[in-house]
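Asker: Sharing a structure here in structure tokens format.
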Amino acid sequence: QVRLVESGGGLVQAGVSLRLSCTASEGTLSRYAVGWFRQAAGNERKFVAAISRLSDHIWNPNADRFTVSRDNEKETVYLQTNDLKPQDTAVYYCAAILPPPSWAPDLDATYDYFGQGTQVTVSS
């Protein structure tokens, strides 16, 4: 079992960058593949990016501005968000799974654990 904690969100102006972090207050995050999702007010939760346990696989449809990485020694997964836009405003969640042989990193139902989220608000 793992308890996830996101941090690094905030209120920023358009064009700046934020680095979001995902750590585990309980459990060993390095055992898990990790995904990032975001949910804007009134909308469904949407996939942002995911990274395998050893960083040998990355799924990132937002690679033009976002980068996912991890440091297993620090038990931390990062989401670097660059050139933020007002439409990036959302609660950002990290999620974890002990990956089976076949899994869908872009589906939130795939994951076993979610954190409470960190709010990112981008003003124009």
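The values are calculated or read from the model by the stated rules, or taken from the named source; none is laboratory data. Since this is a predicted model, take the numbers as computed values, not measurements. Note that we place each Cβ from the backbone using ideal geometry, even for glycine, and neighbour counts take in every protein chain shown. For accessibility, only protein heavy atoms count, side chains too; no ligands or nucleic acids. Shrake-Rupley method; radii C 1.70, N 1.55, O 1.52, S 1.80 Å.
Asker: Report the extension gain between residue 11 and residue 40 in nm, rounded to one decimal, defined as 0.36 nm multiplied by the number of residues separating them, less their alpha carbon distance.
Answerer: Stretched out fully, the residue 11 to residue 40 stretch lengthens by 9.0 nm.
Asker: Hey, another quick one. First compute the accessible area of the chain with a 1.4 Å probe, then give the percent of it belonging to carbon and sulfur atoms.
Answerer: 45 percent
Asker: Considering only protein heavy atoms, with the full assembly of protein chains and a 1.4 angstrom probe, order 112, 83, 64 by accessible area, largest first.
Answerer: 64, 112, 83
Asker: When the chain is treated as a GNM, springs tying every alpha-carbon pair under 10 Å, which of 52, 102, 25 comes out with the largest mean-square fluctuation?
Answerer: 102
Asker: Enumerate by residue number the trypsin sites (Lys or Arg not before Pro) in the range 61-93 meeting two conditions: DSSP loop (anything except H, G, I, E, B), and at most 14 other Cβ atoms within 10 Å of the site's Cβ.
Answerer: 65, 74
Asker: Could you provide, to the nearest whole Å², the per residue accessible area of the range 22-107 with probe 1.4 Å?
Answerer: Heavy-atom SASA per residue in the range 22-107 reads 50 Å².
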